[in-house]
Structure formats: C-alpha cells, structure tokens
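J.: Handing you a structure now.
The values are calculated or read from the model by the stated rules, or taken from the named source; none is laboratory data. Everything numeric in this text was worked out from a predicted model, so none of it was measured. Cβ placement follows ideal geometry from the backbone for every residue including glycine, while neighbour counts extend to all protein chains displayed.
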Amino acid sequence: MQTIDVHAHFGVWNFPIPGSGSLDGLLILCDRFDFRWALASSTEALTYDMRRGNAIIADAFAGTDRLLAYVYCNPCFLELSCEEMDAYLPLDHVVGVKIHPAYAGVPISAPAMVELLDEVARRPPLVEIHTYGAAYAAAMRDVAARYPQVNFIMAHACALDSAAAADAARDRANLYLDFCCSHAVRGRVEYALATCGAGQIVFGSDMDLLDPAFTLGMFEDAGLSQEQRQAIFWDNAARLLGL
Amino acid sequence: MPGLIDVNTFFGMDRHRDVAWSLDDLLRLLDQHHVDRALTCSLRGVHFDFLAGNVETRAVARQHPHLIPVATLDPRRYLDCREEALRCLGEGLRLFRFFPDVQGWPLDGLHFLRLVEVIADGGGALLLPGAASGGPSLVVRVLGDFGLPLVLLGAGYGVFGELLAALVACDSLYCDAHRLNTPGACELICREVGEGRVMFGSGLPERYFSSAYLMVERADLSQAQREAILGGNAARILLGEEV
C-alpha cells in the first residue's frame, strides 16, 4: 500500500551501502517500497556541519515530488538552530525539525536542549527526535507535557525499550512512535498496538541507512488489521503533515 | 531442492523477563513462516549446563525431524568439554554454536581453541557471534587456518565493511543475513564474494522473522542467488547435502 515514511536520511554513511547519499538512490527505494512521501534529514547536518547539510537537503529536495525535509537543529548551537528554522521551515518541502540528542551529545533533559525545544515550540513544528533507551521515554513524557501543541515522533521508539516508549505515548497524545532500528525484537509492535494504539504509530524506515524491508517485516509479523495498517502507513503521518 | 533453511534459531527462556521463546513458540513460528528446516539449540546449554542443553536439543530434534540440532559448549568449564565435543561428533552432530559474547570468554583462548581442533578433526562447523566490531577479523585470524566452515551470526551494518573484508580473506567464512539490514547488503555480498557465502537466519523466536526474510525476498537477486541464500548454502555447507 502507499506509505508515508517519516524517517529517512539524505547523505553519505560510512558503511558499505551502494548508492548511498544520492537522490536517485532514495527515489529508487521510494519506488521499490511504494513510498509516496519520505521525510528525511541530512546526514551531514547530523554528523558534522548543520548549516551546510540543511542547505544541501533543502536545495536537493526542492525539485522532487516525493521527498520532504526536516531541518536539523543542534542544541549546541542555539542561535544558529533558530536561524536555520527561520530560513527553512517556511519552505513548502521542509515540514519539521529533526533533533538527535546522541549525535549532539546533549540529553533531552539538559538545559541546552530545553532552550532549543522552547524555541522549536514557538514555530509550527513537527519534531522527529532520536530516542534510544528507557531514559529517553521518561524524558519525552515530560517534554510532551511541556509542549502539548507540538507533535513529537520518537524515532526508533526507544529501540530495545520500546515498551517504555509505548507507555509514554499512551499517556501523551502528542507522542508518536516509529519502530525502525536494528533490533527487530518480536512483540514490540504488538505491545504498542495494545498500549497506545495504532493511532500513535507511524512508519519510519531509516533509509538509506537501513533497508526498509527490515522494518516492514516487523509490521508484517505483527498481524495488523486493515484499519491499523491504514493508520500506521498513511493516515497518522498524513494528519501530522496536514495533507 | 533444499527449501527454506533457517540457520539461526533457539528455544528456551530468559531469566530476566517473561518471553515467548519456548519450543512450542519456535515450532509455531517456523510453521507459520513455512520454514522447512531450522538449526536450533537449547538456551539451557548456553546459560546453565551445556551437557543438559545438548541432551535437550538432541531430544527435541529426534521428536521434530525438521529441527537440526546444534550443540554448544562453554569452554570456561574445561571439564567435559572435549569429551562432549567428541560425543556429539560420534553421534553425527557436527554443528557447534558458541556464545563468547554471552558467556564472557575470548575467542583466542586456548581452552576454546583446543575444542576447535577437535571439532575441525571431526568434520564439524562453527556458528559464532559476528556483531562486535573486530569480531570478523579476529575470527579469521584465530580460526581461519583450521579450515572448517565458520558462520558469523548477527553482523550488522556497523561491522559490514569488516565482514566483507573478512569474507574476501577467508574462503571458509560465511555469514547469516538477519541483521545485514542496509539497502543492497545481500547484493553487495554476492558481488564481492559470490552468493555461496551468505545464509538465511532469522533469530527466531526472539526476532521478527519477516525482517530477515523480506530483505532477502525484496533484494535485487537472481532466483538462483535467492535460493542459495534461503537454503542451498546451508544445505551444502552445513548439512553436507548435494544441491
């Protein structure tokens, strides 16, 4: 079925991935897996140069009808992050903010991150935030309560601690879970379905770092109903994007 | 036709949490996913007593002929290890899976290498963890000269470059595909060292079967390559069958 992928990347990875970093490579994956839209952040912005990475992805995605961008914000550079949001969020094809506490080296509850989130919340944002481990779930529960007007996608759904992510999402209606990660531990999707429900689960692949088939397999085995499938692969993300 | 062979399964329990990893769970999942044969071993032998674990594994395989028994030894015990290896080989059980990552012993430990010597002399094969950085290189350096088949399980994108180099360097090295989850991973292995070096493993019952399976099924491979990965290689290399 047609899908919106809320978690993708544009740029090179230092792993053996043929075609990685090219626009064509991303579009081929979109075609292969029937992704109508893919929302991506710049790997260069994440791992090295925020300003250059954001500029490259905003420019590259302007001419496509399939790819939408997150502007990456780094709590280590608050002023620059605000400039980046103001420069790129007004563009039609830039649809939200990406935050990666681990790459930035700043925990979600740290003062620098709180300052950044305060700024993010002043804009009309959708935020995709990297979450990996139970500590992230506890922090996101607080963040979601502090900014009820912001929708947060918890990328990786806290990975091996996805039950904690699902519990947090149950308590906060503005938390959404995406399940891509290298740990395809059986039962994590089913637990979330039973806990926060399909209405707070979105599909994210982590392409082109990860093969979308890997995460699709988790949903394949979770025994989704047609309604759940529709919600997870399309409706929830469409609602977040205002499509 | 060898059919679908899964080289990476187990059964048992987890002392830390309630899990659905029983033999019945494994059998149900193998049936649900139409797996023709599965290599498996009891977790009792991994975490508690390899003698009792191997007895359990052998009994289960006698009862369910599509389960292929894999013995395990814990070299830390020293006592009984060599005798158990010889007993297994004498009974025609030639596949041995080791868990240095779980049990905490070094791959270049002499207590392990004396067992490898016995297993190599007896025409056996080894299944080993492949996820840790440095692991594939160490396996080749320490075990490559024994000449017996070495199957690395669970290598992910973080060690994929190292794994490829190890496969190039050592003709008796193989890998499973369940965490080779970057786009084009199977295709790249086929291109670099041929389709004869990668086998299908799911990680059942801990992991979602379809995460591993869909990556092979959706990969850009010829039918012959796909059949080799999904069963032909395991049949030929590990089960000594003509394919």
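J.: Taking the criterion of being of a type outside the set (Gly, Ala, Ser) and over 19 Å from the mean Cα position of the chain (by Cα), would at least one residue in segment B:163-176 satisfy it?
T.: Yes.
J.: Working carefully through the options A:71, A:127, A:94, A:106, find the one that is touching a Pro at 6+ places or on another chain (Cβ under 8 Å) and of a type in the set (Val, Ile, Thr).
T.: A:106
J.: Give all pairs with beta carbons closer than 9 Å in which a residue from segment B:75-95 that is surrounded by fewer than 16 Cβ atoms within 10 Å (Cβ to Cβ) meets a residue that is of a type in the set (S, T, N, Q); count only pairs at least 6 apart in sequence or on separate chains.
T.: Between residues of segment B:75-95 that are surrounded by fewer than 16 Cβ atoms within 10 Å (Cβ to Cβ) and residues that are of a type in the set (S, T, N, Q), the close pairs are B:76/B:103; B:87/B:54.
Quick grid of which residues meet (1) surrounded by fewer than 20 Cβ atoms within 10 Å (Cβ to Cβ); (2) at pLDDT 95 or above; (3) under 13 Å from the mean Cα position of the chain (by Cα):
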site: A:153; (1), (2), (3): no, yes, yes
site: A:169; (1), (2), (3): no, yes, no
site: A:174; (1), (2), (3): yes, yes, no
site: A:179; (1), (2), (3): no, yes, yes
site: A:190; (1), (2), (3): yes, yes, no
site: A:214; (1), (2), (3): no, yes, no
site: A:219; (1), (2), (3): no, yes, no
site: A:223; (1), (2), (3): yes, yes, no
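J.: Quickly run through segment A:96-123 and pick out the residues that are surrounded by 21 or more Cβ atoms within 10 Å (Cβ to Cβ) and either assigned to a strand (DSSP E or B) or at positive phi (or both).
T.: Correct list: A:96, A:97, A:98, A:99.
J.: In segment B:153-181, which residue that is within 15 Å of residue A:184 (Cα to Cα) and surrounded by fewer than 24 Cβ atoms within 10 Å (Cβ to Cβ) is farthest from the other protein chains (Cβ to nearest Cβ)?
T.: Here the answer is B:153.
J.: Something else now. I'm told residue B:68 meets every condition in (1) crowded, with 23+ Cβ neighbours inside 10 Å; (2) touching a residue at least 60 places away in the same chain (Cβ under 8 Å) except one. Can you identify the failing condition by its number?
T.: The number of the failed condition is (1).
J.: Also, I was wondering about something else. List every residue pair whose Cβ atoms lie under 7 Å apart, where the two residues are 6 or more positions apart in sequence or sit on different chains, the first residue falls within segment A:55-80 and is at positive phi, and the second residue, located anywhere, is assigned to a helix (DSSP H, G or I).
T.: From residues that are at positive phi, there are no pairs.
J.: Now, a different point. If residue A:22 passes every condition in (1) touching a residue at least 12 places away in the same chain (Cβ under 8 Å); (2) within 18 Å of residue A:207 (Cβ to Cβ) but one, which one does it miss?
T.: (1)
J.: Which condition number in (1) under 16 Å from the mean Cα position of the chain (by Cα); (2) surrounded by 24 or more Cβ atoms within 10 Å (Cβ to Cβ); (3) assigned to a helix (DSSP H, G or I) is the one that residue A:234 fails?
T.: (2)
J.: Still on this model: Quick one: which helices (runs of 4 or more DSSP H) lie wholly within segment B:1-111 and hold at least 3 residues that are of a type in the set (Gly, Ala, Ser)?
T.: B:50-63
J.: One residue is enough: does segment B:184-205 have a residue meeting the conditions over 20 Å from residue B:99 (Cα atoms), of a type in the set (Ser, Thr, Tyr), within 14 Å of chain A (Cβ to nearest Cβ) and buried (at least 22 other Cβ atoms within 10 Å of the Cβ)?
T.: no
J.: Would it be correct to say that residue B:9 is of a type in the set (Ser, Thr, Tyr), at pLDDT 95 or above and under 23 Å from residue B:213 (Cβ atoms)?
T.: Against the criterion (of a type in the set (Ser, Thr, Tyr), at pLDDT 95 or above and under 23 Å from residue B:213 (Cβ atoms)), residue B:9 qualifies.
J.: Step by step: first the residues of segment A:192-211, then only those that are closer than 11 Å to residue A:33 by Cβ, within 10 Å of chain B (Cβ to nearest Cβ) and in contact with a strand residue (DSSP E or B) (Cβ under 7 Å, 6 or more places away or on another chain), then the one that is surrounded by the fewest Cβ atoms within 10 Å (Cβ to Cβ). Which residue is that? Steps first, answer last, please.
T.: Taking segment A:192-211 as the starting set, the residues that turn out to be closer than 11 Å to residue A:33 by Cβ are A:203, A:205, A:207, A:211.
In the following step, the residues that additionally are within 10 Å of chain B (Cβ to nearest Cβ) were identified as A:205, A:207, A:211.
After this cut, where a residue has to be in contact with a strand residue (DSSP E or B) (Cβ under 7 Å, 6 or more places away or on another chain) as well, the list is A:205, A:207.
On the way: A:205: 28, A:207: 30.
Selected residue: A:205.
J.: Here's another thing I want to ask about it. Are there any strands (runs of 3 or more DSSP E) wholly within segment A:1-81 with 2 or more residues that are under 30 Å from residue B:155 (Cα atoms) and within 17 Å of the chain's Cα centre (by Cα), and if so which?
T.: A:3-10, A:35-42
J.: Would you tally the residues in segment B:116-138 being surrounded by fewer than 22 Cβ atoms within 10 Å (Cβ to Cβ) and part of a helix (DSSP H, G or I)?
T.: Residues that pass the stated criteria total 7.
J.: Still on this structure, please answer the following. Please verify whether segment A:173-186 includes one or more residues that are assigned to a helix (DSSP H, G or I) and out of contact with any Leu (no Cβ under 9 Å at 6 or more places or on another chain). Steps first, please.
T.: Our first condition is that a residue be assigned to a helix (DSSP H, G or I); within segment A:173-186, this holds for none.
Scanning segment A:173-186, I find no residue that is assigned to a helix (DSSP H, G or I) and out of contact with any Leu (no Cβ under 9 Å at 6 or more places or on another chain), so the answer is no.
J.: Here is a further query. Considering each residue of segment A:10-34, count those that are touching a helix residue (DSSP H, G or I) at 6+ places or on another chain (Cβ under 7 Å) and away from chain B (no Cβ under 12 Å), and give that number.
T.: 4
J.: Sticking with this structure for a sec: If I filter segment A:218-240 for residues that are in contact with a Phe, Trp or Tyr (Cβ under 8 Å, 6 or more places away or on another chain), polar (S, T, N, Q) and within 14 Å of chain B (Cβ to nearest Cβ), do I get at least one hit?
T.: Looking through segment A:218-240, none of the residues is in contact with a Phe, Trp or Tyr (Cβ under 8 Å, 6 or more places away or on another chain), polar (S, T, N, Q) and within 14 Å of chain B (Cβ to nearest Cβ).
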